[in-house]
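The next block holds one structure in the form of structure tokens; read it before the comments.
The values are calculated or read from the model by the stated rules, or taken from the named source; none is laboratory data. These numbers come from a predicted model, not from an experiment. Cβ placement follows ideal geometry from the backbone for every residue including glycine, while neighbour counts extend to all protein chains displayed. The protein model used for the area step is the full one, side chains on, heavy atoms only, and it has no ligands, DNA or RNA in it. Shrake-Rupley method; radii C 1.70, N 1.55, O 1.52, S 1.80 Å.
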Amino acid sequence: MRIVNAEVFQNNNGFVRQDILTDGEYLTDEAGYGNVDRSGDCVLDYGGLKAIPMLVDIHFHGCDGVDFCDGTEEAIQRIADFELSKGIGAICPATMTYGEEKLTGIARAAAQHRNGRGADLVGINMEGPFISRKMKGAQNEAFIHKPDAEMFLRLQNEADGLFRLCDIAPEEEGALECIEKLSRHTVVSLAHTCCDYETARKAFAAGASHMTHLYNAMPGIHHRMPGPITAAWEAGAEVELIADGIHVHPAVVRMTFQLFGDDRVILISDSMEATGLPDGQYSLGGQDVTVTGNRAVLTKAPDTIAGSATNLMDCLRTAVLSMNIPLASAIKAAAYNPARCIGVSDRYGSLKAGCCANILFVDDELHIRHMVHKGKVLY
């Protein structure tokens with residue numbers, strides 16, 4: 001297939017008018033064909049539209065009435081189908097804080113999933129249980145567990161290596177030793193933490209390289225108590241950001257892109273099972289959640305945000321159209337950066353030759369007008 005006249009996004013060069021070539025499920029280029037005759041290619045003209053890579057969400061819990069922690073093939077497939085329909089081509093859903101037995105079942109279900117259709121399951125984000133009780137947010141306190149490298153490695157074995165991130169509160173007992181050991185096996189992220197600046201610095205020195213949903217469930221920045229956010233900036237860590245208009249003020253989103261740079265910001269949705277469904281009562285991590293619009297809160301503690309009810313494409317659109325984040329920066333943060341973070345940028349997150357032919361064709365309002373998934377036109 002040859003796609004012509006679209007403005008094609010390139011990670012380092014913005015938008016460039018060029019043809020897009022596919023070879024089966026993958027993107028290719030003229031050099032990849034040499035003297036092969038491509039005169040018989042199907043030619044699609046998407047003039048007036050921008051071509052961007054399908055997005056990659058590395059932190060969300062569910063959508064369309066199901067949760068990844070349901071731990072069933074039915075739930076995983078339903079999530080994969082919904083995510084693809086919203087322009088997300090690869091997913092790394094997050095677990096909630098549960099005991100090892102429950103997490104083992106989730107890991108096994110993920111390992112058995114075969115990516116037959118929908119968004120590809122490319123990893124798991126272990127958000128709990130190695131977190132602080134004081135900053136548990138919507139996590140279930142009953143299952144919080146001190147950082148335990150051996151527990152993680154047992155789960156990693158059950159998941160056939162799918163755990164791409166592990167969240168740890170570095171002030172907890174044994175956390176720094178755990179970070180040092182696990183950073184050889186996965187990306188370690190600071191999350192749900194009360195830690196101060198010095199403790200965060202030690203965590204990054206031990207091997208942590210990531211911050212989970214920046215600003216949420218952690219101390220903020222104070223001029224005499226700089227906290228973990230400042231330590232992350234100094235350490236060159238990557239940071240997740242929820243640009244749903246609820247979790248982080250637009251001015252702070254803009255500041256974060258300027259402070260960390262668009263190479264280090266990763267847009268996530270943190271979506272839960274209500275995403276794509278009407279307002280009402282739902283569940284997250286075994287706790288009741290009330291959803292109104294795209295705001296989700298614990299029913300028994302309405303001041304506590306419980307994930308989001310917004311998919312990543314809507315977060316990208318909000319970041320650009322409502323928060324004035326440059327389009328190229330937002331696309332990098334929602335596609336290439338997350339793919340690079342979890343080690344799958346050779347297949348996802350960009351439109352370079354060799355990657356999956358996962359392409360969104362969007363208008364100036366970032367509405368999806370056409371979609372190509374693994375070299376096939378979906379609509």
| request: Would you point out the residue of region 113-127, among those that are buried (at least 24 other Cβ atoms within 10 Å of the Cβ) and not hydrophobic (A, V, I, L, M, F, W, C), that is farthest from His373 (Cα to Cα)? | output: Glu127
| request: Output the number of residues of region 52-70 satisfying the condition of being touching a Lys or Arg at 6+ places or on another chain (Cβ under 7 Å) and not aliphatic (A, V, I, L, M). | output: 1
| Of everything in region 1-18 that's modelled with pLDDT under 95 and outside any strand (DSSP E or B), which residue is most open to solvent (accessible area, probe 1.4 Å)? | Asn12
| Taking region 194-236 only, how many residues are part of a loop (DSSP other than H, G, I, E, B) and either more than 22 Å from the chain's Cα centre (by Cα) or without any contact (Cβ under 8 Å) to a residue 60 or more places away in the chain (or both)? | 17
| With respect to Arg340, is the statement that it is open to solvent by 50 Å² or more (accessible area, probe 1.4 Å) and of a type in the set (D, E, K, R) true? | yes
| request: Name every residue in region 214-270 that is small (Gly, Ala, Ser) and farther than 28 Å from Gln10 by Cα, in order of residue number. | output: Ala217, Gly220, Gly227, Ala231
| message | Tell me yes or no: at least one residue of region 22-36 is open to solvent by less than 20 Å² (accessible area, probe 1.4 Å), in contact with a Cys (Cβ under 7 Å, 6 or more places away or on another chain) and either under 30 Å from Phe143 (Cα atoms) or not in a helix (DSSP H, G or I) (or both). | response | yes
| said: When you check Tyr336 against the structure, is it of a type in the set (Ser, Thr, Tyr) and in contact with a Cys (Cβ under 8 Å, 6 or more places away or on another chain), yes or no? | reply: no
| message | Being surrounded by fewer than 18 Cβ atoms within 10 Å (Cβ to Cβ) and among the basic types (Lys, Arg): is that true of Lys146 here? | response | yes
| Within region 48-66, can you find the residues that are open to solvent by 10 Å² or more (accessible area, probe 1.4 Å) and at pLDDT 95 or above? | Leu49, Lys50, Asp64, Gly65, Val66
| note | If you go through Arg164, Arg154, the only one that is in contact with an Asp or Glu (Cβ under 8 Å, 6 or more places away or on another chain), open to solvent by 10 Å² or more (accessible area, probe 1.4 Å), at pLDDT 95 or above and not in a loop (DSSP other than H, G, I, E, B) is Arg154
| field | Members of region 173-185 found to be open to solvent by 40 Å² or more (accessible area, probe 1.4 Å) and in contact (Cβ under 8 Å) with a residue 40 or more places away in the chain, listed by number | value | none
| query | Only one of (1) in a strand (DSSP E or B); (2) open to solvent by less than 20 Å² (accessible area, probe 1.4 Å); (3) closer than 21 Å to Ile88 by Cβ; (4) of a type outside the set (D, E, K, R) is not met by Ala319, so which one is it? | reply | (1)
| query | Somewhere in region 304-313, is a residue open to solvent by 50 Å² or more (accessible area, probe 1.4 Å) and either of a type in the set (Asp, Glu) or not in a strand (DSSP E or B) (or both)? | reply | no
| said: With in contact (Cβ under 8 Å) with a residue 60 or more places away in the chain and open to solvent by 10 Å² or more (accessible area, probe 1.4 Å) as the only criterion, which of Lys102, Lys134 stands out? | reply: Lys134
| query | Just checking, how many residues over region 329-355 are touching a strand residue (DSSP E or B) at 6+ places or on another chain (Cβ under 6 Å) and not in a helix (DSSP H, G or I)? | reply | 8
| remark: Sole miss for Val265 among (1) out of contact with any Leu (no Cβ under 7 Å at 6 or more places or on another chain); (2) in contact (Cβ under 8 Å) with a residue 60 or more places away in the chain is condition (1)
| said: Please determine whether any residue of region 320-329 is at pLDDT 95 or above and under 22 Å from Gly62 (Cβ atoms). | reply: no
| query | Hey, among the residues in region 186-236 that are open to solvent by less than 40 Å² (accessible area, probe 1.4 Å) and among the β-branched types (Val, Ile, Thr), which one's farthest from Leu327 (Cα to Cα)? | reply | Thr199
